[in-house]
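Peer 1: Quick one: the structure is below, questions incoming.
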Amino acid sequence: QVQLVESGGGLVQAGGSLRLSCAASGRTFSSYNMGWFRQAPGKEREFVAGFTWTGASTYYADSVKGRFTISRDNAKNTVYLQMNSLKPEDTGVYYCAARLGGRVEARPADYDYWGQGTQVTVSS
């Protein structure tokens with residue numbers, strides 16, 4: 001069992017930055033592939049970024065490449081999402097997710113554990 005708690009969301013103007021954190025507890029955190037997803041009102045949950053449990057590979061949705069950076073600190077059991085040059089279309093609830101084994105996947109159904117989410121609102 002893994003518990004995930006996101007923080008760092010808020011209201012920011014377009015062009016601004018936010019840093020989301022996902023604190024993990026429970027089973028060996030370093031064994032999990034980690035992902036960030038987001039869900040805007042009326043839309044499906046979508047993949048934003050992820051990396052393998054080894055930390056060797058990172059993946060990004062095309063819409064955030066060059067603006068968002070995912071990272072992890074295994075010593076702190078924490079995953080981060082640095083978001084720069086934010087746009088109004090980045091608005092949504094951001095979720096952290098963990099997947100044991102396999103590889104980083106873009107489908108939410110492939111993940112085993114989820115946090116409760118943190119709201120990000122980008123004003124124009």
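The values are calculated or read from the model by the stated rules, or taken from the named source; none is laboratory data. This is a predicted model, so every value here is computed, not measured. With ideal geometry, Cβ positions are generated from the backbone for all residues, glycine too; neighbour counts draw on all protein chains shown. SASA here: full protein model, heavy atoms, side chains in, ligands and nucleic acids out. Shrake-Rupley method; radii C 1.70, N 1.55, O 1.52, S 1.80 Å.
Peer 1: At 1.4 Å probe size, with every protein chain present, just tell me what the per residue accessible area of the chain comes to in Å².
Peer 2: Numbers: 6230 Å² over 124 residues.
Solvent-accessible surface per residue comes out at 50 Å².
Peer 1: Which FRET efficiency value, to the nearest 0.05, do you get for S31 and S57 by plugging their Cβ-Cβ distance into 1/(1 + (r/R0)^6) with R0 = 22 Å? Please list the in-between numbers first.
Peer 2: Working: r = 15 Å, r/R0 = 0.70.
That pair, S31 with S57, gives E of 0.90.
Peer 1: Something else about it: Please list, in chain and number order, the residues 5+ apart from G16 or on another chain whose amide H is under 5 Å from its amide H, with Hs placed from the backbone.
Peer 2: Amide H to amide H, under 5 Å and 5 or more residues apart or across chains, G16 pairs with L86.
Peer 1: Please enumerate, by chain and number, the aspartates and glutamates with C-alpha under 20 Å from the C-alpha of K43, excluding those fewer than 8 residues away in the same chain.
Peer 2: The qualifying aspartates and glutamates are D62, E89, D90, E105, D110.
Peer 1: Using a 1.4 Å probe on the protein chains only, how many percent of the accessible area of the chain belongs to carbon and sulfur? Please list the in-between numbers first.
Peer 2: Working: 2910 of 6230 Å².
On the chain, the fraction of accessible area on carbon and sulfur atoms equals 47 percent.
Peer 1: Working out 0.36 nm times the residue gap between E89 and T69, then minus their Cα-Cα distance, what length gain in nm do you get to one decimal? Numbers along the way, then the final one.
Peer 2: Numbers: separation 20, 0.36 × 20 = 7.20 nm, distance 1.73 nm.
This chain segment gains 5.5 nm when fully extended.
Peer 1: Which value, in Å² rounded to 10, gives the accessible area of T52 with a 1.4 Å probe and all protein chains present?
Peer 2: For T52, the solvent-accessible surface is approximately 20 Å².
Peer 1: Using amide H atoms built 1.01 Å from N in the peptide plane, name the residues 5+ places from V2, or on other chains, whose amide H lies under 5 Å from its own.
Peer 2: The answer is R27.
Peer 1: So if I take the centroid of the Cα atoms in region 31-59 and the same for region 86-107, what is the distance between those two points in Å?
Peer 2: Comparing the Cα centres of region 31-59 and region 86-107, I get a distance of 3 Å.
Peer 1: Can you give me the long-range amide H partners of R72? Hydrogens built in the peptide plane at 1.01 Å from N, cutoff under 5 Å, separation of 5 or more residues or another chain.
Peer 2: Correct list: Y80.
Peer 1: Quick check of the Kirkwood formula: for region 20-91, what is the inverse mean of 1/r over all pairs of different Cα atoms, in Å?
Peer 2: Numbers: mean 1/r = 0.0773 Å⁻¹.
About 12.9 Å, per the Kirkwood formula over Cα pairs.
Peer 1: What list of ³J(HN,Hα) values in whole Hz, one per residue of region 88-103 in order, does the Karplus curve 6.51 cos²θ - 1.76 cosθ + 1.60 (θ = phi - 60°) give from phi, with Gly and Pro shown as x?
Peer 2: After applying 6.51 cos²θ - 1.76 cosθ + 1.60, I find x, 6, 7, 4, x, 8, 9, 10, 9, 9, 10, 10, 8, x, x, 9 Hz.
Peer 1: Given region 74-118, report the % of alpha carbon pairs whose separation exceeds 14 Å. Present the calculation step by step, with values, prior to reporting the outcome.
Peer 2: Details: 619 of 990 pairs.
The share of Cα pairs beyond 14 Å in region 74-118 comes to 63 percent.
Peer 1: Could you give me D for the chain, from Stokes-Einstein at 20 °C and 1.002 mPa s, where the hydrodynamic radius is the Kirkwood radius over C-alpha pairs? Units µm² s⁻¹, please.
Peer 2: Values: Rh = 14.2 Å.
For these conditions, the coefficient is 151 µm²/s.
Peer 1: Tabulate in residue order the Karplus-calculated ³J(HN,Hα) for region 112-124, using 6.51 cos²θ - 1.76 cosθ + 1.60 with θ = phi - 60°, rounded to whole Hz; enter x for Gly and Pro.
Peer 2: Taking θ as phi minus 60°, the curve returns 8, 9, 9, x, 7, x, 9, 7, 10, 10, 10, 8, 8 Hz for region 112-124.
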